[in-house]
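**Q** My questions all concern the structure below.
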Amino acid sequence: MILPPDPSQGRRPWGRDQARLHRHLLRQPTLLPAGGSLLVAVSGGQDSMALATLLLDLQPLHGWQLQLWHGDHGWRPEAARQAGQLTLWVRSQGLDLRLDRADPVPGSEAAARDWRYGCLAAAALQGRCTHVVTGHTASDRAETVLLNLARGSHLRGLASLGASRPLAPAAGPLQLARPLLIFDRSDTGRLCRERGLPVWTDSSNADLRFARNRLRADVMPVLESLHPGASRRISAQAERLEAQFEAETELLDLALAGLQQGEPTGPLPRRRLASLAPASQRRLLHHWLRRHLGRDPGARSLETLVDRLVRGRNPGRLDLAGGWQLHWDHSTLWVRPPDPLHG
Ligand SMILES: Nc1ncnc2c1ncn2[C@@H]1O[C@H](COP(=O)(O)OP(=O)(O)OP(=O)(O)O)[C@@H](O)[C@H]1O
């Protein structure tokens, strides 16, 4: 049920976008929990301006504490002026803007992203926030899916940019939430126009040397004209894949428990494993190694392993990344952690 806004709480606008986001949040109550303390990352672009505005509109219904954050990478001469204008707009909404300036200036997109998330984690911790919120939309997710597909990434790479994840292991329970994945870029653009929001364009978004910008400028419009709503459907497909991987992880845990009849990181019985179809063996080995190593074992290690296990019955050993070792004899496979004395 969509609750109308409480008139005693102010006169924020209410329309189809607010109703849609509100419904989405009611359906996923852990995404931005009522009463949570949210740090909203605002670049000044149309997506995060729409995000800040929608969260301000819904704030009376959800009781959030809102704080806004902006990062100035120092890349463009006009960035400091834009940050000043953004500060004024945020103040006009009754909030303060936390501002960080990069020093030294990050040398790449990846370094800029690391710097932003580092600042966001620190600011969130300082401001006692439970969630960092970004303005990623279905369009961003669709672009990520297509770029990963073109690069030949593992299927799991196609499920990236999900609705939420822990921000960083060091940031404890702090979550990164992306509530605007139900909207695409045309929705946020329309909302900004309808509300007369100031939008600061980033000139580097037009630079066609960046793969994402070329995809955005040349590929997405073609897909959208062939199949209107393509971005949203590609993004929804990634969402389904993500859910499928979650289910698969649980099922693999059950299968491992059945196979081992004990500890999920204990030894693996080789003959019982070999009785399964090669694809199932590969999935189980991958999952078992992930449980040990705490990260992906890498496609190459897995292929080498399966190849050697299938070819011979003899004992063997495979060196894995980070000093880990995998051993096997005719009946069992087991993993040895890195030797601290030879690290
Ligand atoms: N300089 C920044 N300061 C604050 N938040 C940022 C900054 N850059 C990116 N973000 C956050 O990350 C999200 C995705 O970043 P991305 O670079 O894809 O967006 P953008 O094109 O810069 O801007 P927008 O998404 O606001 O249109 C943004 O919606 C915003 O929440």
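FYI, it's all coordinate maths here, none of it is from the lab. None of the values given here were measured: they were computed from a predicted structure. Every residue, glycine among them, receives a Cβ derived from its backbone with ideal geometry; neighbour counts consider all protein chains shown.
**Q** Three principal axis extents, largest first, for the C-alpha atoms of the stretch 22-125, in Å?
**A** Principal extents (Cα only, largest first): 41, 28, 23 Å.
**Q** Hey, fewest Cβ within 10 Å first, where do Ser225, Ser331, Ser235 land in order?
**A** So the residues, fewest neighbours to most, are Ser225, Ser331, Ser235.
**Q** Same structure again: For the residues Glu248, Glu239, what sequence is obtained by ranking on other C-beta atoms within 10 Å, fewest first?
**A** Glu248, Glu239
**Q** Something else now. Using Cα centres only, tell me the gap between the stretch 260-316 and the stretch 137-189 in whole Å.
**A** Here the answer is 30 Å between Cα centres.
**Q** Name the residue from Pro221, Pro60, Gly258 whose Cα lies farthest towards the positive end of the charge dipole of the chain, charges +1 on Cβ of Lys and Arg and -1 on Cβ of Asp and Glu.
**A** Gly258
**Q** Magnitude of the Cβ-charge dipole of the stretch 7-238, K/R +1 and D/E -1, about the Cα centre, nearest 20 debye?
**A** 500 debye
**Q** Quick one: putting +1 on the C-beta of Lys and Arg, -1 on the C-beta of Asp and Glu, what dipole do you get for the stretch 196-343 around its Cα centre, in Debye to the nearest 20?
**A** 540 debye
**Q** Then there's this: What is the angle, in °, between the Cα long axis of helix 46-62 and the longest principal axis of the Cα atoms in the chain? Nearest 10 is fine, range 0 to 90.
**A** Relative to the chain, helix 46-62 is tipped by roughly 80 degrees.
**Q** Starting from the amide H of Arg98, placed 1.01 Å from N in the peptide plane, find each other amide H under 5 Å away whose residue is 5 or more places distant or on another chain.
**A** So Arg98 has HN proximity to Leu68, Trp69, His70.
**Q** Quick one: work out the % antiparallel among DSSP beta bridges in the chain, nearest 5.
**A** Given both bridge residues lie in the chain, the antiparallel proportion sits at roughly 45 percent.
**Q** Exposure proxy check: Val310, Val199, Val335 ranked by fewest other beta carbons within 10 Å?
**A** Val310, Val199, Val335
**Q** Right, another one. When every alpha-carbon pair in the chain is counted, what percent end up more than 34 Å apart?
**A** Taking all Cα-Cα pairs of the chain, the fraction more than 34 Å apart is 39 percent.
**Q** Now for a separate question. What are the ³J(HN,Hα) couplings of the stretch 110-124, residue after residue, when phi is run through the Karplus curve with 6.51, -1.76, 1.60 and θ = phi - 60°? Round to Hz, x for glycine and proline.
**A** 5, 5, 5, 5, 4, 4, 4, 5, x, 4, 4, 5, 5, 5, 5
**Q** Compute the acute angle (0 to 90°) between the alpha-carbon long axis of helix 299-311 and the principal axis of greatest extent of the alpha-carbon atoms of the chain; round to the nearest 10°.
**A** 20 degrees
**Q** Skipping prolines and chain starts, which residues have an amide H placed within reach, meaning under 5 Å, of the one on Gly45, given they are 5 or more residues away or on another chain?
**A** Amide H neighbours of Gly45, under 5 Å, 5+ apart: Trp200.
**Q** Could you give me the percent of Cα pairs per 5 Å distance bin for the stretch 85-146, shortest bin first, beginning at zero and ending with the bin that holds the maximum distance?
**A** Calculated P(r), rounded to whole percents: 3, 13, 16, 20, 23, 16, 6, 1.
**Q** Roughly how big is the stretch 175-231's charge dipole about its Cα centre, with Cβ charges of +1 (Lys, Arg) and -1 (Asp, Glu), in debye to the nearest 20?
**A** 100 debye
**Q** Applying the Karplus parametrisation 6.51 cos²θ - 1.76 cosθ + 1.60 with θ = phi - 60° to the phi angles of the stretch 193-207, what ³J(HN,Hα) value in whole Hz is obtained for each residue in order, glycine and proline being reported as x?
**A** 5, 4, 8, x, 6, x, 10, 9, 7, 9, 4, 6, 5, 8, 6
**Q** Something else about it: In whole Hz, with x marking every Gly and Pro, tabulate ³J(HN,Hα) for the stretch 164-171 from phi via Karplus 6.51 cos²θ - 1.76 cosθ + 1.60, θ = phi - 60°.
**A** 7, 7, x, 5, 6, x, 6, 8
**Q** Follow-up. Please list the non-local residues whose amide H lies under 5 Å from the amide H of Gln65, H modeled 1.01 Å from N, same-chain partners needing a gap of 5 or more.
**A** Gly36, Ser37, Leu38
**Q** Additional query: For the stretch 209-340, which semi-axes, largest first and in whole Å, follow from the square roots of 5 times the eigenvalues of its Cα gyration tensor?
**A** The answer is 38, 18, 14 Å, longest axis first.
**Q** Which of Leu88, Gly135, Pro77 sits farthest toward the positive end of the charge dipole of the stretch 55-150, with +1 on the Cβ of Lys and Arg and -1 on the Cβ of Asp and Glu?
**A** Leu88
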